[in-house]
Protein chains: 2
Amino acid sequence: MATKQSVSRRGFLGGAAASLGYLGINPTPLRAERSRAWRGSAFLEQESDEYDAMAKLNFNENPYGPSEPVLEAMTMAFKYSMRYGYPDGGVLSAIAEHHGVPQENVMLGAGSGEILEVVGLTYLEHGKKVVGVEPSYGAVYRHASGIDAEAITLPLMDDYRQSIPALIDATKKHYRDVGFVYLCNPNNPTGRTVSAAEVQQLLDGIPEDVPVLIDEAYHHFVEDPEYATSIPHVLEGRPVIVTRTFSKLFGMAAMRLGFAIATPEIIEKMRPYSTGSINALVKWGAVAALQDTEAQERVRRVTLELRKQTAAELESMGYGVIPSETNFFMMHTGRHVREVQQDFRARGVRVGRAFPPMLNHLRVSIGTEDEMRRFMVAFKDIFPARTTAGSTRG
Amino acid sequence: MATKQSVSRRGFLGGAAASLGYLGINPTPLRAERSRAWRGSAFLEQESDEYDAMAKLNFNENPYGPSEPVLEAMTMAFKYSMRYGYPDGGVLSAIAEHHGVPQENVMLGAGSGEILEVVGLTYLEHGKKVVGVEPSYGAVYRHASGIDAEAITLPLMDDYRQSIPALIDATKKHYRDVGFVYLCNPNNPTGRTVSAAEVQQLLDGIPEDVPVLIDEAYHHFVEDPEYATSIPHVLEGRPVIVTRTFSKLFGMAAMRLGFAIATPEIIEKMRPYSTGSINALVKWGAVAALQDTEAQERVRRVTLELRKQTAAELESMGYGVIPSETNFFMMHTGRHVREVQQDFRARGVRVGRAFPPMLNHLRVSIGTEDEMRRFMVAFKDIFPARTTAGSTRG
């Protein structure tokens, strides 16, 4: 089919074998050697084999991994692995330039997850509160409660979008206690966007000194013309913190690099809470990744094609899929997600966890074409076709 | 000479060329290719060439880098670089087992630097104070002031050792305001140890609920029989937090992994302040590194040999060297370190920065045999031989 052909034609690099192949190393002897040398390796091999075999549609990962030039750059950087003050490829300026902002507007983190925590540590002192919707990227709320702060979470609207008027009302109502507002755009786990006009409405509607953390982890997958990045609001001098990551489109989740774009004042305020502890390899990899626009376009295209194709097939079986602008989608199954997860797992497919209160919905990440095929086979085995689409509210 | 022979005999792996050679990649074509493809690469090449050529004796790095099995394990782990919930080699249990403690006593950090910050964030709320000596690893005090806490720093004794009675007195005097006591053992930048008996004296002498952060980054280089790790005090249930790192003996500073060993209560209290954001490669590398005892012994032996040899040569020229138990030493030059740094830099050698108030002392990290030779050539060029050793107090 078309997707597969276009991927093959471009010599797409993906998965373990390809990564090692690129380095001129045959994975099989490597693993055999490891089995002999390593204590406890028999167990690890087993675990790894089971892991490798699963269709992994549970963590919104990019299944293709770093592109060839990125792997090359990271491999080169092994030569700095024992160093502190090494040349870092100019990663900070590369990120700043790429986004059209001065360097003083950028702070790196070990994944955007670190940045989200740093915002919490900076703005939730003395039990302040974060305002946002639920479900969303829950790590923000969990972190808040871990540091004795609190989350004010609002329900989604009936179409699973975030209600800007409700966010404004809650922020105004709790103004004295609000540390910041959290907006994941597009939202995880629903995949829905907040439009540029709505972001403007939010910023204009809340007291102007309330920081707004806008998590754009899935930015690169958006097609919705009403959506726009919030970086321009930073350059206007608003207390907006935009976060981005190299974990999604760039396929480097386990290498750990993300960043914040915010005003220099906010960056300086946050800096003492940041570790600044980022490995040498991902710094060089990130510089290469920003330049590899062909790989970006390839991942984006194949991911969106597979998402649309899978969603269409599910809809044709009578299952409602929430319109997504990301590398995952959410669908109503009518059964508790924990049972559904087990049914899929028994068929070699990992799917998303429960996202309360949407317990009868399932989040499915877009894997490779083969993984999506395996998902559909399992789905048809687990769920009967419906004649008409059921309610999509869980 | 003996050092060189023993290193060669064991096929010691060191430096950029060796790392890339191990991967079957010739560094020269790789770099040439990078120059063509990368924006701004001409400048980066230049910077990298100058960096590569310098004798780097300024950051207490292990110049040999990760051993061959460690590079192999890290290279294998590239296959997880796009993942979140991947097999991690059992790194937490490997570290726990290696140190004879349960897993619940261990917390990983992106370098022990992250752990030091986490201790600050956990115990210096509401402007509490950290008590320690100066000079020591200053990042702890800088972080404290960054989060509006404060450091109570005490001078070293005349022999550059840390005064336990003074630490006890200061802790008792400021008891209500003390967040924790910081003890770097052996101390950076002096290289001197605190004996096991002195640690016991400190723990018995301060109020028993005061946490003590014991930074054992240089633990593996100690020969002093009076010294011992403080991990047993953790197992006694004391509020002691021991930190260790894979940056020194294991040569993985830029890969970023360190850890804390503390009571489960303390680990749980610290966890919300930790990012838990560690890259996949260093997790696998660490497991391999703990098992590669031969590489550990090799690095330790050659480093200590070179340190002793260099110190003896300096002493024979009439320059006093502070007795060190680490992979660096400090010496009295009688000139301000900033000038001395420039003189060395002009000769292609980077040496340690200023450590106030010891401004007429110089910290020198132990590099390769070649780097130490270049250091001595530069030293003889910059400093005259003295007939008698001068004062060693700066």
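The values are calculated or read from the model by the stated rules, or taken from the named source; none is laboratory data. Note that this is a predicted model, so its numbers are computed, not measured. Cβ coordinates were reconstructed from backbone atoms using ideal geometry, including for glycine residues, and neighbour counts include every protein chain displayed.
On inspection, residue A:93 qualifies as more than 7 Å from chain B (Cβ to nearest Cβ) and of a type outside the set (Lys, Arg). Residues in the stretch B:73-85 that are facing chain A (nearest Cβ under 7 Å) and either in contact with a helix residue (DSSP H, G or I) (Cβ under 8 Å, 6 or more places away or on another chain) or modelled with pLDDT of 95 or more (or both): B:75, B:76, B:78, B:79, B:80, B:81, B:82, B:83, B:84. Among residues of the stretch A:259-279 that are free of Cβ contacts under 8 Å to residues at least 24 places away in the same chain and at the interface with chain B (Cβ under 7 Å from one of its Cβ atoms), none has a beta-carbon under 9 Å from a residue that is crowded, with 22+ Cβ neighbours inside 10 Å and not in a helix (DSSP H, G or I) at least six positions away or on a different chain.
The condition of being at pLDDT below 95, more than 10 Å from chain B (Cβ to nearest Cβ) and more than 18 Å from the chain's Cα centre (by Cα) holds for residue A:42. Could we say that residue B:231 is of a type in the set (Val, Ile, Thr) and surrounded by fewer than 24 Cβ atoms within 10 Å (Cβ to Cβ) here? Here the answer is yes, as residue B:231 does meet what is asked. Can you spot a residue in the stretch B:219-231 that is within 11 Å of chain A (Cβ to nearest Cβ) and without any contact (Cβ under 8 Å) to a residue 60 or more places away in the chain? Within the stretch B:219-231, none of the residues are within 11 Å of chain A (Cβ to nearest Cβ) and without any contact (Cβ under 8 Å) to a residue 60 or more places away in the chain. Taking the conditions (1) in contact with a Gly (Cβ under 8 Å, 6 or more places away or on another chain); (2) closer than 18 Å to residue A:133 by Cβ in turn, residue A:230 satisfies each one other than (1). Of everything in the stretch B:240-252 that is under 17 Å from residue B:91 (Cα atoms) and in contact with a strand residue (DSSP E or B) (Cβ under 8 Å, 6 or more places away or on another chain), the residue that is farthest from the other protein chains (Cβ to nearest Cβ) is B:244. When you look at residue A:231, is it over 15 Å from the mean Cα position of the chain (by Cα) and under 25 Å from residue B:111 (Cβ atoms), yes or no? Answer is no for this residue. Residues in the stretch A:303-361 that are of a type in the set (Asp, Glu) and within 19 Å of the chain's Cα centre (by Cα): 2 in all.
Screening residue A:146 against (1) free of Cβ contacts under 8 Å to residues at least 12 places away in the same chain; (2) in contact with an Asp or Glu (Cβ under 8 Å, 6 or more places away or on another chain); (3) small (Gly, Ala, Ser) leaves a single unmet condition, (2). Among the residues in the stretch B:323-330, are any farther than 19 Å from residue B:373 by Cα, within 14 Å of chain A (Cβ to nearest Cβ) and touching a residue at least 12 places away in the same chain (Cβ under 8 Å)? No: zero hits. In the stretch A:96-113, the residue that is surrounded by the most Cβ atoms within 10 Å (Cβ to Cβ) out of those that are under 23 Å from residue B:82 (Cβ atoms), within 13 Å of chain B (Cβ to nearest Cβ) and in contact with a strand residue (DSSP E or B) (Cβ under 9 Å, 6 or more places away or on another chain) is A:111. Within the stretch B:85-101, if we keep just the residues that are touching a residue at least 12 places away in the same chain (Cβ under 8 Å) and not in a helix (DSSP H, G or I), the residue that is farthest from residue B:261 (Cα to Cα) turns out to be B:86.
Residue count for the stretch A:354-373, restricted to those that are within 16 Å of residue A:301 (Cα to Cα) and assigned to a loop (DSSP other than H, G, I, E, B): 3.
Counting only residues that are free of Cβ contacts under 8 Å to residues at least 24 places away in the same chain and not charged (D, E, K, R), the stretch A:352-383 holds 1 of them. Only residues that are surrounded by fewer than 17 Cβ atoms within 10 Å (Cβ to Cβ) and more than 11 Å from chain A (Cβ to nearest Cβ) were counted in the stretch B:119-133, giving 1. Each residue in the stretch B:166-198 was checked for being more than 20 Å from the chain's Cα centre (by Cα) and either touching a residue at least 40 places away in the same chain (Cβ under 8 Å) or surrounded by 23 or more Cβ atoms within 10 Å (Cβ to Cβ) (or both), and 7 pass.
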